[in-house]
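The values are calculated or read from the model by the stated rules, or taken from the named source; none is laboratory data. Worth saying up front: this structure is predicted, and the values here are computed from it rather than measured. Ideal geometry is used to build each Cβ from the backbone, glycine not excepted, and the neighbour counts take in all protein chains shown.
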Amino acid sequence: MRWNRICLGQRFVTVLLLAIGLNSYGCKDSVSVSEDVQVPLSSLTVTPGTLQPAFSSNTTSYTVDVSTAVIGVTVKAAPKDSTTTMTINGIDTHSGQGRVIPLSPSGAITNITIVLTNQNGTESSYSIIVRKVENTLSALAVTPPGTFPPPGFAPTTLNYQVDVGSDVTSVTVSATKLDPRAVMSGAVDAGVGVATGTATIPLNGPGTDTLVSITVAVPNSDAKTYTITVHRAALSGDSNLSALTVTPPGTFPPPGFVPSTLDYTVDVATDVTEVIVSATKSDPNAVLSGSITDPGPEQATGQATILLSGPGAPTPVTVTVTAPNGNSNTYTITVNRASSNDNNLSALTVSQSTLDPAFSSGTLIYTVNVATNVAEVTVFATKSDPDAVMSGDVTAGTGQANGQATIQLNGAGTSKSVSIIVTAPDQTSKTYTITVNRAAPASDNNLLALTVTGGPLVPDFAPSTTTYSVDVPNSVAGVTVSATKSDPNAVMSGSVTAGTGEATGQATIDLPIPLLPTPVSITVTAPNGDSKTYTITITRALF
């Protein structure tokens with residue numbers, strides 16, 4: 001028996017050296033399976049912990065993982081043969097007796113050796129490596145926001161809260177185990193040997209919380225759970241504008257724009273036909289509608305060009321801001337375009353003559369000269385602003401651009417005053433005056449031309465010469481006398497006649513007796529009644 005004891009000691013040293021060798025190679029799991037274990041166990045347990053692999057009498061090497069909080073484990077083993085003796089870590093131990101094995105400090109491994117000896121001195125050994133595994137995270141992040149509120153992440157702190165915006169629909173959670181041999185499960189998974197796990201977590205609706213749990217466990221043993229409450233902000237109820245302008249004039253009357261004030265009035269000049277309205281949302285995720293189209297997601301400012309109604313008419317502009325939660329505000333701007341002050345004419349004409357000076361909208365006084373026989377004229381006038389009102393001698397109401405009137409003139413040699421009043425929509429007025437001068441009757445009682453067939457006038461014709469003679473051959477029994485008035489409106493009478501408007505008259509004069517002078521007289525009576533008589537003495541030769 002002494003020899004057997006020596007062999008037992010040698011075998012114990014061999015097993016111990018084997019365990020130390022496994023430890024020096026990184027504590028990797030090592031499983032020894034023998035088809036013929038001479039002195040087998042019938043049972044083996046380690047508490048706390050779980051054998052890896054599960055116990056089998058032919059398996060002689062095991063690993064047990066426990067948390068770092070465990071300071072010792074209890075090993076219970078029972079040989080198949082009740083006569084077999086057993087030592088655990090060199091201490092004689094009865095079958096089924098619990099042997100407490102103190103564990104190495106945190107982070108180390110503890111080797112446990114069980115040696116079985118039968119009555120014949122034959123030995124078998126089983127080895128157990130107890131590893132302390134850290135069930136703690138070394139890093140934890142949620143993106144967005146990327147970091148936890150102060151003091152931030154700490155491995156020993158298990159509960160966290162993260163606030164995100166209402167528009168955030170998911171977050172990315174990344175967790176790193178302090179000990180890769182731990183197992184991470186829950187919202188983020190990472191098995192043994194994998195240090196970091198990442199997962200995208202869909203969030204519940206705005207205004208609600210989403211619970212994210214990550215459990216870090218020693219395999220088949222103690223677990224630690226980290227909890228993150230992700231609070232998604234409620235949808236914004238901000239339906240205000242932060243800025244609102246109308247150009248021109250560019251600013252509102254004092255006190256100017258105030259987000260809580262919804263109604264505004266802007267006055268612009270009559271010549272302003274359009275304005276640019278610019279609105280900025282207080283919450284870029286709100287939506288603009290109405291006169292301004294929304295600029296798009298997360299765009300704060302929108303603008304629109306607004307065509308104005310006519311002068312003197314208001315134009316309403318509405319801007320509705322709808323917050324993400326459905327709340328809305330409607331801002332109203334009333335743009336008042338001033339009434340027109342245009343009291344000008346754009347055109348002015350008078351039939352039968354032309355204006356003196358030539359027409360210009362800024363010239364108010366004109367003169368027109370017409371002939372003595374013109375008894376009436378027609379005046380045509382066009383307003384620069386059709387909404388002005390034209391009154392006086394020529395009229396045209398609102399909306400009518402043109403007006404005309406026939407003006408009866410006073411007698412020849414007199415003047416007639418024509419007034420046209422243009423009143424703008426703003427009630428300012430301007431008066432255009434035309435003085436129509438009708439010429440006095442003409443005093444022109446001259447002839448412009450005088451001829452006699454058969455012979456020349458003696459002396460030669462001149463309008464101021466009134467007495468002439470003409471000698472014709474005996475063969476000429478008659479002559480034609482032609483006379484043209486200097487003023488066609490004069491009246492020609494006597495031997496040759498021509499009425500008003502006829503310029504020329506002529507007559508055939510018979511010469512019956514040779515040497516007997518034949519007198520011809522032509523009287524020209526001017527429009528004013530003055531007259532002049534031209535006399536021609538025609539003598540026919542004897543032979």
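I'm checking my understanding of the structure. Among residues of region 264-298 that are out of contact with any Asp or Glu (no Cβ under 7 Å at 6 or more places or on another chain) and acidic (Asp, Glu), which one is surrounded by the most Cβ atoms within 10 Å (Cβ to Cβ)? Before the answer, list the steps.
Start the filter on region 264-298 by keeping residues that are out of contact with any Asp or Glu (no Cβ under 7 Å at 6 or more places or on another chain), which leaves 264-281, 289-298.
So of that shortlist, the ones also acidic (Asp, Glu) come out as 267, 271, 274, 294, 298.
Values: Asp267: 14, Asp271: 11, Glu274: 12, Asp294: 16, Glu298: 10.
Out of the qualifying residues, it is Asp294.
Which condition does Ser236 not pass, out of (1) modelled with pLDDT under 95; (2) part of a strand (DSSP E or B); (3) polar (S, T, N, Q), if it passes all the others?
(2)
Restricting the search to region 277-288, which residues are within 12 Å of Leu241 (Cα to Cα) and assigned to a strand (DSSP E or B)?
Ser278, Ala279, Thr280, Lys281, Val287, Leu288
Have a look at Thr196, Thr122, Thr227, Thr157 and point out the one that is closer than 25 Å to Tyr62 by Cα and among the β-branched types (Val, Ile, Thr).
Criteria check complete, one pass: Thr122.
Go through (1) surrounded by 15 or more Cβ atoms within 10 Å (Cβ to Cβ); (2) in contact with a Phe, Trp or Tyr (Cβ under 9 Å, 6 or more places away or on another chain) and name the single condition Asn159 misses.
So the condition that Asn159 fails would be (1).
State which residue is modelled with the highest pLDDT when the search covers only region 492-515 and only residues that are more than 28 Å from Pro473 (Cβ to Cβ) and of a type outside the set (A, V, I, L, M).
Checking each candidate, the answer is Ser493.
Give me a count of the residues in region 283-292 that are out of contact with any Lys or Arg (no Cβ under 9 Å at 6 or more places or on another chain) and modelled with pLDDT of 95 or more.
4
Only residues in region 455-466 that are within 18 Å of Thr480 (Cα to Cα) count as the first member; pair them with residues that are small (Gly, Ala, Ser) and surrounded by 14 or more Cβ atoms within 10 Å (Cβ to Cβ), Cβ under 7 angstrom, at least 6 apart or cross-chain, and list the lot.
Correct list of pairs: Val458/Ser469.
Looking at the structure I just gave you, is Thr261 surrounded by fewer than 16 Cβ atoms within 10 Å (Cβ to Cβ), at pLDDT below 95 and not charged (D, E, K, R)?
No, not satisfied.
Return the total of residues in region 243-276 being under 24 Å from Pro425 (Cβ atoms), part of a loop (DSSP other than H, G, I, E, B) and not hydrophobic (A, V, I, L, M, F, W, C).
6
With the requirement that a residue be in a strand (DSSP E or B) and under 36 Å from the mean Cα position of the chain (by Cα), what does region 323-381 give you?
Within region 323-381, Ser328, Asn329, Thr330, Tyr331, Thr332, Ile333, Thr334, Val335, Asn336, Arg337 qualify.
Counting residues that are outside the structural domain of Asp189 (by TED's automatic domain parsing) and farther than 30 Å from Thr176 by Cβ, which strands (runs of 3 or more DSSP E) fully inside region 50-157 reach at least 3?
The strands (runs of 3 or more DSSP E) meeting that bar are 72-79, 85-88, 98-102, 109-117, 123-133.
Collect the residues in region 478-499 that are among the β-branched types (Val, Ile, Thr) and either farther than 15 Å from Phe461 by Cβ or in a strand (DSSP E or B) (or both), keeping them in residue-number order.
Within region 478-499, Val479, Thr480, Val481, Thr484, Val491, Thr497 meet the criteria.
Give region 104-122 a look and list any residue that's touching a strand residue (DSSP E or B) at 6+ places or on another chain (Cβ under 7 Å) and surrounded by fewer than 20 Cβ atoms within 10 Å (Cβ to Cβ), or say none.
Ser104, Ser106, Gly107, Ala108, Ile109, Asn111, Thr113
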